[in-house]
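Engineer: Sharing a structure below in structure tokens format, with a few things to ask.
The values are calculated or read from the model by the stated rules, or taken from the named source; none is laboratory data. Just so you know, these numbers come straight off a predicted model, no measurement behind them. Every residue, glycine among them, receives a Cβ derived from its backbone with ideal geometry; neighbour counts consider all protein chains shown. Calculation scope for accessible area: heavy atoms of the full protein, side chains included, ligands and nucleic acids excluded. Shrake-Rupley method; radii C 1.70, N 1.55, O 1.52, S 1.80 Å.
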Amino acid sequence: MVSSASWTHGNSTVPEIDDWWPDNPICRHRGWGFQAIFIGGSARWFHIPLPTPVIQNEERYRLTKFFLLWGIEGDGVLGRVHLFDGPYLVSTTIEGGRDGYLRVQPYGYQYQGVHHQIDSESEFHIEAPHNVAFGMGISFLVGVGERTTRERPVFLTISTAGADYEPIPS
């Protein structure tokens with residue numbers, strides 16, 4: 001049973017950018033969240049920290065599921081989502097699949113559209129609750145098509161991210 005839910009605003013999203021790369025997206029932090037505008041075909045990782053209750057009221061916690069409220073408009077896809085606890089990868093990689101479970105999926109389906117509400121494309125269950133040790137974070141890969149240009153950009157928006165936690169049973 002969920003006893004703690006923590007959320008962070010989308011404008012805490014940061015891109016993983018190599019300064020030398022010519023197709024870096026234009027990134028903007030707005031009052032409503034984060035926006036990246038891609039004007040060339042490429043793929044980029046983004047990262048967003050999750051507020052993490054490791055211990056509350058003398059109880060340790062575990063994460064049961066997490067949320068990433070996002071949108072992609074244009075020729076782009078959310079291709080992979082990773083969940084980290086500090087430096088440790090908790091989840092396997094999503095490579096498609098609509099059931100939300102974090103495991104490698106058959107190649108073919110990738111997430112698209114606008115999902116700034118909790119739905120099957122923005123809610124991610126983990127196969128077993130994860131006992132939190134450090135700080136949790138989501139890393140996700142956005143790929144854009146080769147047809148992406150200044151005239152046909154791809155827009156990524158992140159409005160918020162969060163997670164549900166429960167005490168570890170004694």
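Engineer: Can you name every residue in the stretch 138-170 that is open to solvent by 40 Å² or more (accessible area, probe 1.4 Å) and either of a type outside the set (S, T, N, Q) or under 22 Å from Pro49 (Cα atoms) (or both)?
Structural biologist: The first filter runs over the stretch 138-170 and keeps only residues open to solvent by 40 Å² or more (accessible area, probe 1.4 Å), leaving 146-147, 149-152, 155, 168-170.
Glu146, Arg147, Arg150, Glu151, Arg152, Phe155, Ile168, Pro169, listed by residue number.
Engineer: Next up: Among the numbered criteria (1) without any contact (Cβ under 8 Å) to a residue 60 or more places away in the chain; (2) in a strand (DSSP E or B); (3) hydrophobic (A, V, I, L, M, F, W, C), which one does Ile118 miss?
Structural biologist: In the conditions (1) without any contact (Cβ under 8 Å) to a residue 60 or more places away in the chain; (2) in a strand (DSSP E or B); (3) hydrophobic (A, V, I, L, M, F, W, C), Ile118 misses (2) alone.
Engineer: List the number of the failed condition for Val114; all other conditions in (1) closer than 22 Å to Val14 by Cβ; (2) open to solvent by less than 30 Å² (accessible area, probe 1.4 Å); (3) aliphatic (A, V, I, L, M); (4) at pLDDT below 95 hold.
Structural biologist: (2)
Engineer: What's the number of the condition Arg80 fails, among (1) part of a loop (DSSP other than H, G, I, E, B); (2) open to solvent by 70 Å² or more (accessible area, probe 1.4 Å); (3) under 21 Å from Glu127 (Cα atoms)?
Structural biologist: Unmet condition: (1).
Engineer: A follow-up question, please. Within the set of pairs 6 or more residues apart or between chains, which connect a residue that is among the basic types (Lys, Arg) inside the stretch 29-45 to a residue that is in a strand (DSSP E or B) and crowded, with 21+ Cβ neighbours inside 10 Å with Cβ atoms less than 6 Å apart?
Structural biologist: Qualifying pairs under 6 Å: Arg44/Val142.
Engineer: Right, another one. Mind listing whichever residues of the stretch 122-135 are open to solvent by 10 Å² or more (accessible area, probe 1.4 Å) and not small (Gly, Ala, Ser)?
Structural biologist: Answer for the stretch 122-135, where residues must be open to solvent by 10 Å² or more (accessible area, probe 1.4 Å) and not small (Gly, Ala, Ser): Glu123, His125, Ile126, Glu127, Pro129, His130, Asn131, Phe134.
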